[in-house]
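J.: After the structure tokens below, expect a handful of questions from me.
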Amino acid sequence: MRIAIKASALAFAALPLAAAFVPAQALTRPAVSDKALPSESDARVVRIETGNGQPVNQHLTLGLNKAAIVELSNDAKDVLVSSPDIADAIIKTPRRIFLLGTKTGQTNAFFFDGQGRQVLSLDIRVEKDVADLAAMIKTNLPNSAIKVAALNDNIVLTGRVASALEATRAADLAASFAGDPKKIVNMLSISDGEQVMLKVHISEMQRQIAKQFGINLSGVKVINGTPLALSTSNPFGLMGNALSDLSGGQVGQVCSPTSTALNPFGALQGGGICNVQNNVQGALKALETVGLLHTLAEPNLTAVSGETAKFLAGGEFPVPAGRDQQGNVSIQFKQFGVGLAFTPVVMSSGRISLQVSTEVSELTNTGAFTLSGVNGNGTAVTIPALNVRRAETTVELPSGGSFAIAGLMQHTTKQQIDAFPGVKDLPVLGALFRSRDFQNSETELVVMITAYLVNPVAEAQLATPSDGYITPTDPEALLLGRLNTVYKKSDKPLTPQAAAPVGFVVR
């Protein structure tokens, strides 16, 4: 026989006492066949010893949509459930009651004997059955110690795991089981080290060569009182001008030193013919420049697993961003220098997954932008450009392992010849009427990273670059020209220190 009273605890308290205790035979539901009732093989059996005339209080946890069989030592005639929508009670026999969990929540049930005395009060909590989830986590994560518990409609994960990856996998399994990631309370702690130190080695070599070779000729001849002047002036097309106008050689002199040098028409600018010492002169420009750039940066940074760390050794330069209501130019600052950003995730077996972004940038005039008329006063402002080498990737490596995440081998060669048409193709003599501009640029860049799992140490065990520095006294600075005090190493034995690792503890 099934008994259920659709009333809350407060409503039940407000009912007359006579109406509250209704015999089981008076409040009945439609008959339910035995096939709809749980059998002992489908539900767990809870045996409760009821006292002789003394009420007993017990707690019972039911799985959602699961059943339990309560067996009493004394007969119960009436059952009252405060919230039958959470748990339903069905009296099979006076000493056997079926409890069905239909909705997550808490309720209670009261059992009365034939004399109306309370023999049992049962506090019932209905929650999801997480036994299958716990078994699945144990199977897929055998090295972890995870406890799974249900709290109302939520799932709580507690215990310790070996890495953040295992914690994420356990949370994903629980979210799939619950159907909503917001219902997962992740209280897992990681037993292994969570701090990662990243060492980045950036090495770059740049070699640039520029060569220029050109000959300019000038000639003046007076024929029957009429001056005739010829000249060639071939520019350097790549550079735009000579590497140095003061370098080169000159043969001959068409005009006197007071006239415009290397200009055959200077004789006509003064209103007459200059003092011609030679009819032909030539200027030879053979120039070469070699540049070498060596860049070496080794930024080190430490972060907790799953958190992003950033590092910048450089500066910021202003860039115009717009104008305000008064017409003044507003600026914003852009960063340049050696930058590093990474997000580590400690995985199982001491492996580390790294999302790394590193950059080396410097100011350059190549590609610079000139803005004229700033603030209305005609002032020109040159905004420098940035020469950037950037690498961004995700790698996985063990503690102490290294990877070359980026490499660049670049070789650029440029040549340009400016010449007088026609005569430039003459053998041997054609070199007198042309100029050659040559540029060669070679760049080699390598970026390597090394990751370590580290533990913190005491501050006394760490060292800084300024340790041991002492400012010199005035006599030492003036008479001896010292920038720091020089002192002798003490012969006294050092005070014994506690045996402990120095710096980061690398595993």
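J.: Need the failing condition index for L284 against (1) modelled with pLDDT of 80 or more; (2) more than 30 Å from T450 (Cα to Cα), just the number.
T.: With (1) modelled with pLDDT of 80 or more; (2) more than 30 Å from T450 (Cα to Cα) applied to L284, the lone miss is (1).
J.: State all residues of the range 126-176 that are closer than 25 Å to H59 by Cα and among the charged types (D, E, K, R); if no residue qualifies, say none.
T.: E127, K128, D129, D132, K147, D153, listed by residue number.
J.: In the set I352, I331, which member is in a strand (DSSP E or B) and either more than 22 Å from the chain's Cα centre (by Cα) or of a type in the set (D, E, K, R) (or both)?
T.: Result: I331 is the single residue among I352, I331 that is in a strand (DSSP E or B) and either more than 22 Å from the chain's Cα centre (by Cα) or of a type in the set (D, E, K, R) (or both).
J.: Can you say whether S121 is in contact (Cβ under 8 Å) with a residue 60 or more places away in the chain and polar (S, T, N, Q), as far as the supplied structure shows? Spell out the reasoning first.
T.: On the way: in contact (Cβ under 8 Å) with a residue 60 or more places away in the chain: yes; polar (S, T, N, Q): yes.
When the stated conditions are applied, S121 passes them.
J.: At least 1 residues that are crowded, with 17+ Cβ neighbours inside 10 Å, free of Cβ contacts under 8 Å to residues at least 40 places away in the same chain and of a type outside the set (D, E) in each: list the strands (runs of 3 or more DSSP E) lying fully within the range 124-228 that qualify.
T.: So the answer is 145-151, 154-161, 184-190.
J.: Among the residues of the range 354-383, which ones are open to solvent by 30 Å² or more (accessible area, probe 1.4 Å) and either modelled with pLDDT of 85 or more or among the hydroxyl-bearing types (S, T, Y) (or both)?
T.: Q355, S357, E359, E362, L363, T364, T366, T370, S372, T379, T382, listed by residue number.
J.: Okay, moving on. For the range 453-482, which residues satisfy the criterion of being open to solvent by less than 70 Å² (accessible area, probe 1.4 Å) and assigned to a loop (DSSP other than H, G, I, E, B)?
T.: First pass over the range 453-482, keeping only residues open to solvent by less than 70 Å² (accessible area, probe 1.4 Å): 453-455, 457-458, 461, 468, 472, 476-477, 481.
Across the range 453-482, the qualifying residues are N455, V457, A458, G468, P472, G481.
J.: Separate question: Does D418 qualify as being touching a Phe, Trp or Tyr at 6+ places or on another chain (Cβ under 6 Å) and open to solvent by less than 40 Å² (accessible area, probe 1.4 Å)?
T.: No: the conditions fail for D418.
J.: With the requirement that a residue be farther than 14 Å from P344 by Cα and open to solvent by 40 Å² or more (accessible area, probe 1.4 Å), what does the range 302-319 give you?
T.: Within the range 302-319, F311, L312, A313, G314, E316, P318 meet the criteria.
J.: Of the conditions (1) at pLDDT below 80; (2) exposed (fewer than 12 other Cβ atoms within 10 Å of the Cβ), A267 satisfies every one except a single condition; which number is it?
T.: (2)
J.: Being open to solvent by less than 30 Å² (accessible area, probe 1.4 Å), among the aromatic types (F, W, Y) and under 26 Å from D418 (Cβ atoms) is the requirement here; does F236 meet it?
T.: Yes: the conditions hold for F236.
The values are calculated or read from the model by the stated rules, or taken from the named source; none is laboratory data. Owing to the predicted nature of the structure, the values given are computational and were not obtained by experimental measurement. Every residue, glycine as well, gets a Cβ built from its backbone with ideal geometry; the counts of neighbours run over all protein chains shown. For accessibility, only protein heavy atoms count, side chains too; no ligands or nucleic acids. Shrake-Rupley method; radii C 1.70, N 1.55, O 1.52, S 1.80 Å.
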